[in-house]
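> Sharing a structure below in structure tokens format, with a few things to ask.
The values are calculated or read from the model by the stated rules, or taken from the named source; none is laboratory data. Being a predicted model, the structure only gives us computed values, none of them experimental. We place every Cβ from the backbone using ideal geometry, glycine too, and count neighbours over all the protein chains shown. Areas reflect the complete protein model, heavy atoms only, side chains present, ligands, DNA and RNA absent. Shrake-Rupley method; radii C 1.70, N 1.55, O 1.52, S 1.80 Å.
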Amino acid sequence: MGNTGPETEIREEEPMTVSVMIVDDHPIWRDGVARDLAEHDFDVKATAPDGESAIRIARAVRPDVVLMDINLGDTSGVDATRAITNELPDTRVLVLSASGEHNDVLQAVKAGASGYLVKSASVAELVDAVRRTAEGDPVFTAGLAGMVLGEYRRMADSPDMGDPPPRLTERETEVLRLVAKGLTAKQIADRLVISHRTVENHVQSTLRKLQLHNRVELARYAIEHGLDRDF
């Protein structure tokens, strides 16, 4: 009553659709995962049966997330992960593999994978993992994250620490420490009373300075330089 002007419609900002490519040498499994993700509003850009075609297709479609199997017959998912993360810094790789072996997980992470999920995961776990990977969070099947960071901590105990680190700002160092502690971008924003976007800007700036690819590598860097122990 009394409002003669046009109504102002307030719309909540809709989340961006995450684009995905699925790499697996088993067509039935590959198609099943594609169908599950499409039903949860992901944009499945492409699928690939091997590492070589995965690299070629990823260059063309530039997905937000690549779901990558490790064992691809005659080709290696680790090599494909390394090539994709090196060439496409805005594309993140989430490994989805039947193997939870220590060496497979470590090799995938060292190649640039943002996370590692075993194929026994439920559809709900897969959907959550892909969304979180797209947001930049490291995602691991329970128990695997501790194993990866434990290995990095063991490596950090070696006497050769390499070249001196690039200079980070005080805030970048603070964010880096919280990343190493395992906090998500939202949790870091709440802890530091800053916006989610500001956290992401600090993370991206730190990645560029350190020439790293993702939060898992940031956590490794923090451990190697003792930053994870200063909380």
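> For the condition surrounded by fewer than 19 Cβ atoms within 10 Å (Cβ to Cβ), over 17 Å from LYS110 (Cα atoms) and touching a Pro at 6+ places or on another chain (Cβ under 7 Å), what is the one hit in LYS186, LYS209?
Numbers: LYS186 fails: touching a Pro at 6+ places or on another chain (Cβ under 7 Å).
Within the list LYS186, LYS209, the selection yields LYS209.
> Please determine whether any residue of segment 4-12 is outside any loop (DSSP other than H, G, I, E, B) and either at pLDDT below 95 or under 26 Å from PRO138 (Cβ atoms) (or both). Step through it out loud before you land on a result.
Looking only at segment 4-12, we keep the residues that are outside any loop (DSSP other than H, G, I, E, B), and these are none.
No, every residue in segment 4-12 fails to be outside any loop (DSSP other than H, G, I, E, B) and either at pLDDT below 95 or under 26 Å from PRO138 (Cβ atoms) (or both).
> Give the residue, chosen from ALA54, ALA38, ALA83, that is closer than 23 Å to GLN211 by Cβ, part of a helix (DSSP H, G or I) and of a type in the set (A, V, I, L, M, F, W, C). Steps first, answer last, please.
Details: ALA54 fails: closer than 23 Å to GLN211 by Cβ; ALA38 fails: closer than 23 Å to GLN211 by Cβ.
From the options ALA54, ALA38, ALA83, the qualifying one is ALA83.
> So is HIS225 surrounded by 15 or more Cβ atoms within 10 Å (Cβ to Cβ) and at pLDDT below 75 or not?
Values: surrounded by 15 or more Cβ atoms within 10 Å (Cβ to Cβ): yes; at pLDDT below 75: yes.
Criteria met by HIS225.
> From the residues in segment 193-206 that are polar (S, T, N, Q) and touching a residue at least 24 places away in the same chain (Cβ under 8 Å), which one is most open to solvent (accessible area, probe 1.4 Å)?
Just the residues of segment 193-206 that are polar (S, T, N, Q), to begin with: 195, 198, 201, 204-206.
With the extra rule that they be touching a residue at least 24 places away in the same chain (Cβ under 8 Å), the set shrinks to 205-206.
Values: SER205: 25, THR206: 4 Å².
Ranking the qualifying residues of segment 193-206, first place goes to SER205.
> For segment 77-101, what are the residues that are charged (D, E, K, R), over 18 Å from ASP64 (Cα atoms) and modelled with pLDDT under 90?
Step one: filter segment 77-101 for residues charged (D, E, K, R), giving 79, 82, 87, 90, 92, 101.
Next, from what is left, pick out any that are over 18 Å from ASP64 (Cα atoms): 79, 101.
Correct list: GLU101 only.
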